[in-house]
Amino acid sequence: MSDQLRPRSNGSKNLSTIARHGRLKRSSAFRTVARLIAAALAVLMVSGVSVAAIATFDVAASVQPSVHLDNETKGPVPQIGAIDGGVNLLVVGSDSRKGQDAVFGPEDSTGDLNDVTMLLHISEDHTNASVISLPRDMFVPIPSCKKADGSGSYNAMSRQKINTTLTYGGLACTVATVEKLTGLDIPFAAEVQFSGVMAMSTAVGGVPVCVAEPIEDLYTGINLTAGEHTLEGFEALQFLRTRHGVGDGSDLTRINNQQLFMSSLVRTIKSADTLSDPTKVYSLAKAVTGNMRLSDSLNNVSVIASIAMALKDIDLSKVVFAQVPTGNVEGGVIPSQPAFKEMFEAVAADQSIQLSGTTGAGTVVDPNAPVAVPADPAGPAGPVDPAGPVDPAATPAPEVVAPSVSVLDESVTGQTAADYTCTAGRTLKDQ
C-alpha cells in the first residue's frame, strides 16, 4: 500500500505490558501476514477436519480463479492427510487496489507490485519450516515472462527490483524470478491483497502484538502506545504497513516487524483457543480461500489441507522467519554473497536452518516473554505394562537420526515462532 494512503483513525486497543512491534513499508506488511497465514490456515484446517467436512462446499466455493505456473506439480491431487515430502510455496502480497475497498484509493492509483515476497519451505520429514522474506527493493535478474493477455513475452532483464515482477508477468513471473534467484523449484504459489490480511486477522479473533516504544506514522495513520495491543482487520493492516513508525524507517526493519506479527499469528493459530473453536477454524479457512489467488496446483481445498497437515505438528521453535542478507546500493539493496547463496543451498539440501544473528533493528526482545519450560528428557510417562518392566538388553533402542542443521550467517536477521519480540517504535520527532 502506498505511503500516500492516510486513514482517518486506527482505534487500536491498548492492553497491558510491553508490546510487540512490527514495521512495514507501503502495503507489503499485510502480505507478509498472508504468507504466514497460508501456513497457519493449514494448521487450522487440520485441527478442524469435522468442521471442514461440513463446510467444504461453502469454503471451496469461495476459492478465487487460479494462476498457472510454469512449474506445476505433476501427479494426482493429494487426499486429506499430510502431503508427501517437502513443500516450497511462494506467498506474494500485491499492491493493486483492484477490487479493494475505496479506503485504499481508486483502482488505477497504483501499479500491480509485489510489495511482499515470502517463501515458505517445509522440510521433507515435516520436522521444521522456514518463511524467508525477500525485500521489495532488492535488485535481481528477471527472466523472460509471458504477458498476462497472451500477446507475447516481456524481455529478460539483468537488474530490476523484485517487486516489479507482478507487473511484468503476474504471479507466474514472480515465481520464475525467485526460482532463478534461489535455484529452488517452487510448485505452489498464492497472491493476496489488502482484504485478505484483514479477514485473516479477524478470523482468529485478533493478533496480540508488543510495542516497546510508541509507534507514530502520519502516512498510515497508526499511533500505538508502548504496551500490548490486540490487532485485527484494518488496524492489523495498518500495523503491517507502517514503515515510518518503526525501526529506522526502512523496508528492512518493516520486515522485522512483519516477522513479529507472523510469529504471534502462528502462536495464536496453534493455541487451544483457536484450534478448539470450530467457528475460528472455518472462518480462517474461508478467509484464505476467499481472499487469495492461488496457483492451479494449490487451488484445491484438499491440497491446502494436506500442506496444513505437514505443518500442524512442527514445534514453534522449528518455525523460522528469516530475512535474506542484503547490501545497500543506490536506490535499493542487492543479495549479500556468499551468505545469500549459502542460505538457499541449505534450504535446497533440506537442512534445518538456525539463526545466529539478531532479530533486526525493527524489533527488540520482549522482557515480559513467558519463561519456557524445558522438556522432560525422559518424556511423558506412558501406560504401565502389566507384564512388568522390559529387559533393555532384550529390546535395543531405536536408532535416532539427528536432523542436519545449517547455522546461517549472522547477517541473516529473523526469529522463530517461539520467540517473543516487541516493535522498536519510532515517533514523529525521530522522522
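The values are calculated or read from the model by the stated rules, or taken from the named source; none is laboratory data. Model, not experiment: these values are computed from the prediction. A quick note on method: Cβ atoms are made from the backbone with ideal geometry, for glycine too, and the neighbour counts reach across all protein chains shown. Just the protein is used for accessible areas: all its heavy atoms, side chains included, with ligands, DNA and RNA removed. Shrake-Rupley method; radii C 1.70, N 1.55, O 1.52, S 1.80 Å.
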The one condition residue 336 fails out of (1) over 24 Å from residue 140 (Cα atoms); (2) of a type in the set (Ser, Thr, Tyr); (3) surrounded by fewer than 19 Cβ atoms within 10 Å (Cβ to Cβ); (4) touching a strand residue (DSSP E or B) at 6+ places or on another chain (Cβ under 7 Å) is (1)
Would you mind stating whether residue 347 is of a type outside the set (D, E, K, R) and within 18 Å of the chain's Cα centre (by Cα)? yes
Turns out the strands (runs of 3 or more DSSP E) fully within segment 74-136 with at least 1 residues that are at pLDDT below 95, within 24 Å of residue 243 (Cβ to Cβ) and of a type in the set (Gly, Ala, Ser) are 87-94
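Looking at segment 320-331, which of its residues are in contact with a helix residue (DSSP H, G or I) (Cβ under 9 Å, 6 or more places away or on another chain) and surrounded by fewer than 18 Cβ atoms within 10 Å (Cβ to Cβ)? Show your work before the answer.
We begin by selecting, within segment 320-331, every residue in contact with a helix residue (DSSP H, G or I) (Cβ under 9 Å, 6 or more places away or on another chain); these are 321-326.
Those that are in contact with a helix residue (DSSP H, G or I) (Cβ under 9 Å, 6 or more places away or on another chain) and surrounded by fewer than 18 Cβ atoms within 10 Å (Cβ to Cβ): none in segment 320-331.
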In segment 177-215, residues that are surrounded by fewer than 22 Cβ atoms within 10 Å (Cβ to Cβ), at pLDDT 95 or above and either among the charged types (D, E, K, R) or part of a helix (DSSP H, G or I) (or both) total 5
Counting only residues that are in a loop (DSSP other than H, G, I, E, B), open to solvent by less than 20 Å² (accessible area, probe 1.4 Å) and touching a Pro at 6+ places or on another chain (Cβ under 9 Å), segment 260-319 contains a total of 0
Residue pairs within 7 Å by beta carbon, gap of at least six or interchain, first lying in segment 240-260 and within 16 Å of residue 222 (Cβ to Cβ), second of a type in the set (Phe, Trp, Tyr) and open to solvent by 10 Å² or more (accessible area, probe 1.4 Å), listed first then second, are 244/219
